[in-house]
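All remarks here apply to the structure that follows.
Nothing in this text is a laboratory measurement; each read-out follows from the coordinates by a stated rule. As the structure is a computational prediction, the values presented were derived from the model and not from experiment. As a convention, Cβ positions derive from the backbone with ideal geometry for all residues, glycine included, and neighbour counts pool all protein chains shown.
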Amino acid sequence: MTFFRMENLQVSGLTSVDSPRAHIRIQNCTSVKLTALQIEAPDESPNTDGIAIAASSYVQILDSTIGTGDDCISIKGGTSFIDIAGVKCGPGHGISIGSLGYEGAYDTVEEVNVRNCVIKSAQNGVRIKTWEGGSGYVRGIHFEDIIISKAKNPIIIDQNYCDNQKRSCKVASPVVKVSDVTYRNVRGTSWNQPSITLMCARGTGCTNIVLDHINLNSAEPGEKSYAECKNVVNATFTSVDPPVSCQTS
């Protein structure tokens, strides 16, 4: 189901089961409110995003349950002022910004707020992914009061994203800039390690990244959680477990 060039759209109580592609697309829309949705697809089904948002602004997604084989919610380029709250996600690939900058594209995403959400048994928790060689920016992103259970990548910024099943991967410049991203009160467990991944590109890197009261433990008994961080500038880490130490390459 695609909503295209619409204003003041409201959708409530909709159930979508086993869509062959993305269940709901919001494209070139303004002032959208989606509430009490139930979206389901098998966890092995490819490209079955729950809600995909592109080139849209002032979108609310509230009090919904989404379990698919791809992103529960994906936020693409040209998107701003997104409010996501009370969403239960899983299985799937989590709540994702991106991917952005594919094949040199100029993409922007700003003012995204994700709060009071639960992500369970997903490939990712909260993710930002950008391709090298693209341009634009991701900024003003806030993840707050998120419970993550048994995700493979609970917190991940990947500024060097490449799906090597579709194309060869190479280091390229410039990159989509990532700045002013806050993670606050994010807690839970991770199946994989590291549980916190901040992999930013050389040169530009990521700037003004805040981790505040983060607690992510391993879901494997006896295994210790750890973090990886590269090329982050002006970071603030407060009460973070596992501890984060950044390298520059």
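Using C-alpha pairs below 8 Å separated by at least 6 residues, the relative contact order for the range 1-93 is 26 percent. Residues whose amide H lies under 5 Å from that of residue 45, counting only those 5 or more places away or on a different chain, are 69; hydrogens are built 1.01 Å from N in the peptide plane. Near residue 16, the amide H atoms lying under 5 Å from its own belong to 38, 39, 40; only residues 5 or more places off or on other chains count, and H is placed 1.01 Å from N.
Out of (1) 14; (2) 10; (3) 17, which label holds the value of percent of Cα pairs over 34 Å apart that was computed here? Matching entry in (1) 14; (2) 10; (3) 17: (2). Taking neighbour counts of Cβ atoms within 10 Å as a proxy for exposure, in what order, fewest first, do 248, 65 appear? Going from sparsest to densest Cβ surroundings: 248, 65. Each of 210, 146, 178 was scored by the projection of its Cα onto the charge dipole of the range 114-249, and the greatest displacement toward the positive side belongs to 178; charges sit on the C-beta of Lys, Arg, Asp and Glu.
Placing +1 at every Lys and Arg Cβ and -1 at every Asp and Glu Cβ, with all other atoms neutral, what dipole size does the range 114-249 have around its Cα centre, in debye to the nearest 20? Provide the component values of the computation, followed by the final result.
Numbers: 16 positive and 11 negative charges, 79 e Å.
About 380 debye.
Where does the longest stretch of the chain lie that holds no trypsin sites (Lys or Arg not before Pro) found in a DSSP loop with 15 or fewer other Cβ atoms within 10 Å? Answer from the scan: 22-165.
Of 33/177; 177/230; 120/230, which sit over 24 Å apart, Cα to Cα?
33/177; 120/230
Arranged from fewest to most other beta-carbon atoms within 10 Å of their beta carbon, 103, 111 become 103, 111.
Taking N as the residue count of the range 1-93, its C-alpha radius of gyration divided by 2.2 N^0.38 Å amounts to 0.96. Across the range 79-95, computed HN-Hα scalar couplings (Karplus, 6.51 cos²θ - 1.76 cosθ + 1.60, θ = phi - 60°) run 10, 8, 6, 10, 10, 10, 8, x, 9, 9, 10, x, x, x, 10, x, 9 Hz from first to last residue, x flagging Gly and Pro.
Starting with the fewest neighbours, write out 114, 233 ranked by other beta-carbon atoms found within 10 Å of each beta-carbon.
Ordered from fewest to most neighbouring Cβ atoms within 10 Å, 114, 233 come out as 233, 114.
Across the range 112-124, coupling constants 3J(HN,Hα) worked out from phi with the 6.51/-1.76/1.60 Karplus curve, θ = phi - 60°, read 10, 10, 10, 8, 6, 10, 10, 10, 10, 6, 10, 5, 10 Hz, and Gly and Pro carry x.
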